[in-house]
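Working notes, beginning with the structure itself.
The values are calculated or read from the model by the stated rules, or taken from the named source; none is laboratory data. A quick note: this is a predicted structure, and the numbers were derived from the prediction, not measured. Quick reminder, even Gly has a Cβ in these numbers, built from the backbone with ideal geometry, and neighbours come from all protein chains shown.
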Amino acid sequence: MGDFTPSVPIPNQIRKLIFEKFNDTELKFNNDEIFEILKNNGDVDKSWTIDDMEKYFKEICDSGLLRNIAQNFTTQWFKLFDKIEKIQCNSCKQEIYLGKSEERFCTNPECKSAI
């Protein structure tokens, strides 16, 4: 993946995008949809492929925000466990996006403060 460093961590970009476009526990969405939007509007390396994003989706699933409901080769389909809330971290002052049942810690890797 090279030396590219996004200005906003990739998991936070994914969370924000899900909040804005897919914040409904009944909606199904997939990693390809999110990746295409991030490639066009986000802060990702333009040479990345969907395979480069897999670890970020796994991290978000492991956090308890998403559940993987189906997979076909590299396409993964997801649903939210809970609606996402937008919260401002009192420590780093960044907007973060957490599911209602997720642990209340800042998702900014440089912060990780309790919310």
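In table form, for the structure just shown:
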read-out: Only listed residue being at pLDDT below 95 and either under 14 Å from the mean Cα position of the chain (by Cα) or surrounded by fewer than 14 Cβ atoms within 10 Å (Cβ to Cβ) (or both), chosen from T25, T5, T74; value: T5
read-out: Single unsatisfied condition, I18 versus (1) touching a helix residue (DSSP H, G or I) at 6+ places or on another chain (Cβ under 8 Å); (2) free of Cβ contacts under 8 Å to residues at least 60 places away in the same chain; value: (2)
read-out: Residues satisfying the stated conditions in the range 28-41, i.e. of a type in the set (S, T, N, Q) and at pLDDT below 95; value: N40, N41
read-out: Matching residues, the range 38-70, being polar (S, T, N, Q) and closer than 26 Å to E103 by Cβ; value: S63, N68
read-out: All positions within the range 38-58 that are surrounded by 15 or more Cβ atoms within 10 Å (Cβ to Cβ) and part of a helix (DSSP H, G or I); value: L38, K39, I50, D52, M53, Y56, F57
read-out: Hey, C61 of a type in the set (A, V, I, L, M, F, W, C), surrounded by fewer than 17 Cβ atoms within 10 Å (Cβ to Cβ) and closer than 11 Å to N31 by Cβ or not; value: yes
read-out: Set N108, N68: member being in a loop (DSSP other than H, G, I, E, B) and surrounded by 12 or more Cβ atoms within 10 Å (Cβ to Cβ); value: N108
read-out: Cβ-Cβ under 6 Å pairs, at least 6 apart or on other chains, the range 79-105 side among the small types (G, A, S) and surrounded by 13 or more Cβ atoms within 10 Å (Cβ to Cβ), far side at pLDDT 95 or above and part of a strand (DSSP E or B); value: G99/I84
read-out: The listed residue being outside any loop (DSSP other than H, G, I, E, B), more than 15 Å from E33 (Cα to Cα), at pLDDT 95 or above and not aromatic (F, W, Y), out of K79, K86; value: K86
